[in-house]
Amino acid sequence: MSTATLDQPTVKVESDPIPLSRLVKVELRKLVDTRAGLWLLVAIGVISIVATVVVILVADGGQMTHDTFVNAIGTPLSVLLPVVAILSVTSEWSQRTGLVTFTLEPRRGRTVVAKLLAVLLTGLVTIVIAIGLAAVATLIGSAIKGTDPIWNLGWDGAGSWVLVQLLGLLCAFGFATVLRSSAAAIVVFYAYTFVVTGLLSALAFYQDWFADLWPWVDLNRAQQPLITATMDGQDWVHLATSSGIWIVLPMAVGVWTLLRSEVK
């Protein structure tokens, strides 16, 4: 007795790739879905309001300028906003959601791009709100002090301030892709911002040979002309070189290892 074998047709199932826009929306939602991310954004808003109130209370009428309030808000913003960038990357490992994320979208590079775009969009929206809050504070402070509001920020100053904040986000994002641990990335970012930069500043002060090299290797030092809106051609080269060291290189290494590491 023989059995007939029937050739079954091969069914090929194809699915459309997940649009990048949808991945960005998912990553934006992740930033506020977690308790840490939500309260961090709330803390940024509260501290920014407190900073504007302090300036109104202690500054005199001549200091009720748009630039003054932007700088007052920018200090807590530059300290806390990079943590949002770090958590966007490290949460996949700290909360063990990476296996689900990279199963739904196996092409990890697209997920990393979506995270980066979500961080930059969040940063831009937060920065625009901060500039608007500073404008409102300028009007209120001038009215309380009985002086005319002074709009001295200008487009160049606003653009420089936005770029400084975004560079901080990119730097934190790069450290996060390398370390993929919230605590480690936060410690390393703050250590570079406050400790390493201070040590390099002291070295440049006491060693003349390092003074000229300093802006080439320290991103924070290279940003000083950008903060004061006095950038020239050489300053832009300093900024590009130091950004390559502290942003591009860590991000390249981090993405390379992320694409090849085992997700558990």
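The values are calculated or read from the model by the stated rules, or taken from the named source; none is laboratory data. As the structure is a computational prediction, the values presented were derived from the model and not from experiment. Using ideal geometry, Cβ is built from the backbone for each residue, glycine included, and neighbour counts are taken over all protein chains shown.
Results, tabulated for the structure shown:
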{"read-out": "Helices (runs of 4 or more DSSP H) wholly inside segment 184-262 that include at least 3 residues being touching a residue at least 60 places away in the same chain (Cβ under 8 Å) and touching a helix residue (DSSP H, G or I) at 6+ places or on another chain (Cβ under 8 Å)", "value": "249-260"}
{"read-out": "Test: residue 194 is within 30 Å of residue 93 (Cβ to Cβ), buried (at least 22 other Cβ atoms within 10 Å of the Cβ) and among the aromatic types (Phe, Trp, Tyr)", "value": "no"}
{"read-out": "Residue match in segment 112-134 (condition: among the aliphatic types (A, V, I, L, M) and modelled with pLDDT under 85)", "value": "no"}
{"read-out": "Yes/no for residue 151 being loosely packed, with under 13 Cβ neighbours inside 10 Å and modelled with pLDDT under 90", "value": "yes"}
{"read-out": "Boolean, residue 141 is crowded, with 23+ Cβ neighbours inside 10 Å, more than 30 Å from residue 238 (Cα to Cα) and either of a type in the set (Gly, Ala, Ser) or free of Cβ contacts under 8 Å to residues at least 60 places away in the same chain (or both)", "value": "yes"}
{"read-out": "Flag if residue 127 is touching a residue at least 60 places away in the same chain (Cβ under 8 Å) and assigned to a helix (DSSP H, G or I)", "value": "no"}
{"read-out": "Residue 217 of a type in the set (A, V, I, L, M), surrounded by 13 or more Cβ atoms within 10 Å (Cβ to Cβ) and under 25 Å from residue 254 (Cβ atoms)", "value": "yes"}
{"read-out": "Boolean, residue 174 is part of a helix (DSSP H, G or I), at pLDDT 90 or above and surrounded by 14 or more Cβ atoms within 10 Å (Cβ to Cβ)", "value": "yes"}
{"read-out": "The one condition in (1) modelled with pLDDT of 90 or more; (2) touching a Phe, Trp or Tyr at 6+ places or on another chain (Cβ under 8 Å) that residue 245 fails to fulfil", "value": "(2)"}
